[in-house]
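Participant: Please read through the structure below; I'll follow up with questions.
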Amino acid sequence: MRNAIEITIGGGDCLILASDNSGGIGMKAEDLVHVPYQTVAYYSFRTASMECIASGGKIISVVLHNFCGNEPWTELEEGIRAGLRELGLADVPITGSTESNFPLLQSAVGLVVIGKKACSDAKEIPDFDDMKLAVIGLPLVGDEVIEQKDHIASLSLFQEINLLGEVVTWPVGSKGVLHELNQIFPDQWIEEDNVVCDVNILKSSGPAACFIAAFSESQGENVRNLASDLFHPLTIMKE
């Protein structure tokens with residue numbers, strides 16, 4: 001099951017709602033990871049937008065829940081705008097609210113990405129006889145996201161691979177690659193020993209620093225060429 005829901009709104013259209021949140025990351029003295037608020041919002045938007053896009057949604061709005069105080073709002077909004085520009089969606093509206101009555105000791109942000117699609121446009125793992133799997137990017141979390149950003153699959157790369165025919169994408173979150181594999185293939189229980197891949201499949205991927213791609217053999221070269229050094233083949237060994 002993806003971390004997004006579909007709501008039928010009539011006329012054959014569905015809304016896609018995807019969300020993300022972060023806590024203890026920002027510029028407050030008690031934060032565990034100190035980074036600019038623009039960075040906080042960018043990566044929160046990145047996570048939710050990838051879930052929306054992977055579900056087939058075209059992003060139409062972003063809702064920001066800001067618990068960092070009034071001053072960071074502009075920075076937070078700019079972080080979201082940076083992500084939208086990377087996707088070619090500079091005109092998407094942003095709304096939201098700030099908790100300004102009671103200051104918190106740590107930063108906290110919640111974010112909802114709203115998308116729209118035709119309900120008939122399913123984005124599920126296809127039953128390709130020759131289906132291949134790969135992890136694109138590395139699972140990174142916390143300071144690793146800043147220190148090893150060259151190993152993160154960019155939003156633009158994710159979108160480009162997602163648009164290929166006979167390819168389905170699946171963002172990897174905080175529970176790691178193995179957890180997501182069991183979401184993709186709910187009818188079979190996959191254990192660590194069944195997976196061959198050169199990335200740590202148990203490690204948190206933080207703000208969806210990597211994603212899983214399932215693709216037909218005929219698209220293998222295209223996916224590999226687009227991902228370049230970020231391409232990590234993954235094989236599930238059958239018992």
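Participant: Given the Cα-Cα distance of SER174 and GLN148 and 0.36 nm per residue of separation, how much length would full extension add, in nm?
Facilitator: 7.7 nm
Participant: Between the stretch 101-119 and the stretch 2-26, how far is it from one alpha carbon centroid to the other, in angstrom?
Facilitator: Cα centroid to Cα centroid, the span is 11 Å.
Participant: Using all Cα-Cα distances in the stretch 80-180, what percent lands in each 5 angstrom bin from 0 up to the longest?
Facilitator: Computed distribution, short to long bins: 2, 8, 13, 18, 20, 18, 11, 6, 3, 1, 0, 0.
Participant: Right, something else. How many nm is it between the label spots at GLU30 and ASP187, if each spot is 7 Å from the Cα in line with the beta carbon?
Facilitator: The modelled label-to-label distance comes out at 5.0 nm.
Participant: Could you order the peptides 108-120, 203-215, 143-155 from most to least packed, using the average number of other C-beta atoms within 10 Å per residue?
Facilitator: Going from most to least packed, we get 203-215, 108-120, 143-155.
Participant: Jot down the radius of gyration and Dmax of the chain, Cα atoms only, both in angstrom.
Facilitator: In Å, with Rg to one decimal and Dmax whole: 18.0, 58.
Participant: A follow-up question, please. If you count the DSSP beta bridges with both ends in the chain, what percent of them are antiparallel, to the nearest 5?
Facilitator: In the chain, approximately 85 percent of DSSP beta bridges are antiparallel ones.
Participant: Shifting gears a bit: What is the stretch 28-168's relative contact order, in percent, from Cα pairs under 8 angstrom and six or more apart in sequence?
Facilitator: 32 percent
Participant: First check a/c for the stretch 1-53, with a ≥ b ≥ c the square roots of the eigenvalues of its C-alpha gyration tensor; if it is under 1.5, answer rounded, and if not, answer prolate when a/b is larger than b/c or oblate otherwise.
Facilitator: Verdict is prolate for the stretch 1-53.
Participant: Considering the chain, which cysteines have no disulfide-compatible partner, defined as another cysteine with its Cβ under 4.7 Å away?
Facilitator: Unpaired cysteines in the chain: CYS52, CYS68, CYS197, CYS210.
Participant: Counting DSSP beta bridges with both partners in the stretch 1-117, what percentage is antiparallel, nearest 5?
Facilitator: 75 percent
Participant: For the chain, what is the mean residue ellipticity at 222 nm derived from helices alone (per DSSP H run of n ≥ 4: -39500 (n - 2.57); sum divided by total residues; nearest 500 deg cm²/dmol)?
Facilitator: Taking each H run of at least 4 residues, the total per residue is -7500 deg cm²/dmol.
Participant: Given Cβ point charges of +1 (Lys, Arg) and -1 (Asp, Glu) and nothing else, what value in debye, to the nearest 20, does the dipole of the chain about its Cα centre take?
Facilitator: 520 debye
Participant: Let me have the relative contact order for the stretch 91-225, percent, based on Cα pairs under 8 Å that are six or more residues apart.
Facilitator: Relative contact order for the stretch 91-225 comes out at 35 percent.
Computed from the coordinates by the stated procedures, all read-outs in this text should not be read as laboratory data. Quick caveat: nothing in here was measured; it's all calculated off a predicted structure. Quick reminder, even Gly has a Cβ in these numbers, built from the backbone with ideal geometry, and neighbours come from all protein chains shown.
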